[in-house]
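The values are calculated or read from the model by the stated rules, or taken from the named source; none is laboratory data. Bear in mind that the values here come from a model prediction, so they are computed numbers and not experimental data. Cβ atoms come from the backbone with ideal geometry, glycine included; neighbour counts cover every protein chain shown. In case anyone asks, the SASA skips ligands and DNA or RNA and just uses the protein heavy atoms, side chains included. Shrake-Rupley method; radii C 1.70, N 1.55, O 1.52, S 1.80 Å.
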Amino acid sequence: VTISAVSTSTTNITLCNTQLPYGWNGNTYNTAGTYTFTTTGSTGCDSIATLNLTINNTSSSSTNIGLCPSQLPYTWNGQSISAGGTYTATLTGSNGCDSIATAIVTISAVSTSTTNITLCNTQLPYGWNGNTYNTAGTYTYTTTGSTGCDSVATLNLTINNTTIVTGK
């Protein structure tokens, strides 16, 4: 009398949740776990197959990005961004599954201001934002505003000549 041993095999499978359902030996699986399948082997004895199924999840992240108009277009994950809005990119995560990245982009406005000054020529030179002016004209000064973006100030400087009146 010969006694044949039960044959066994183990299969380890790791999938992403987007690859479900998974079919194995005529069965369909939607969750991680250890599953067995028993059939008759070549010796006529039981053959037990074991499936160790691991499921990795899709990951996601969200980032708020504040930009100034001077930073446009902005490149994020291979996309050229030229306006505010919500952008997504599907990448491969460290577990080999999809990683959905979301960028919420806000564009801050350039702030502007205009100052109109009229002076007599006897009031020259005129100092404005660290500069000295001796002639009429339109002058601009660019600095960083409270949003971190450009702030452009404009000076419209008008010079009136002194009038000398002589009497007889």
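Show the residue pairs that are 6+ apart or on different chains and have beta-carbon atoms under 6 Å apart, the first residue being within segment 138-159 and acidic (Asp, Glu), the second being open to solvent by 50 Å² or more (accessible area, probe 1.4 Å) and in a strand (DSSP E or B).
Partner pairs satisfying both residue conditions: 150/142.
Inspect segment 88-101 for any residue being touching a helix residue (DSSP H, G or I) at 6+ places or on another chain (Cβ under 9 Å), assigned to a strand (DSSP E or B) and over 25 Å from residue 150 (Cβ atoms) and give the result as yes or no.
yes
In segment 25-34, what residues are in contact (Cβ under 8 Å) with a residue 12 or more places away in the chain and open to solvent by 50 Å² or more (accessible area, probe 1.4 Å)?
Those that are in contact (Cβ under 8 Å) with a residue 12 or more places away in the chain and open to solvent by 50 Å² or more (accessible area, probe 1.4 Å): 25, 31, 32, 34.
Go through the residues of segment 141-151 one by one and say whether even a single one is touching a Gly at 6+ places or on another chain (Cβ under 7 Å), in a strand (DSSP E or B) and within 30 Å of residue 16 (Cβ to Cβ).
Within segment 141-151, not a single residue is touching a Gly at 6+ places or on another chain (Cβ under 7 Å), in a strand (DSSP E or B) and within 30 Å of residue 16 (Cβ to Cβ).
Restricting segment 145-168 to residues that are open to solvent by 80 Å² or more (accessible area, probe 1.4 Å) and polar (S, T, N, Q), which is farthest from residue 134 (Cα to Cα)?
Filtering first and then ranking leaves 147.
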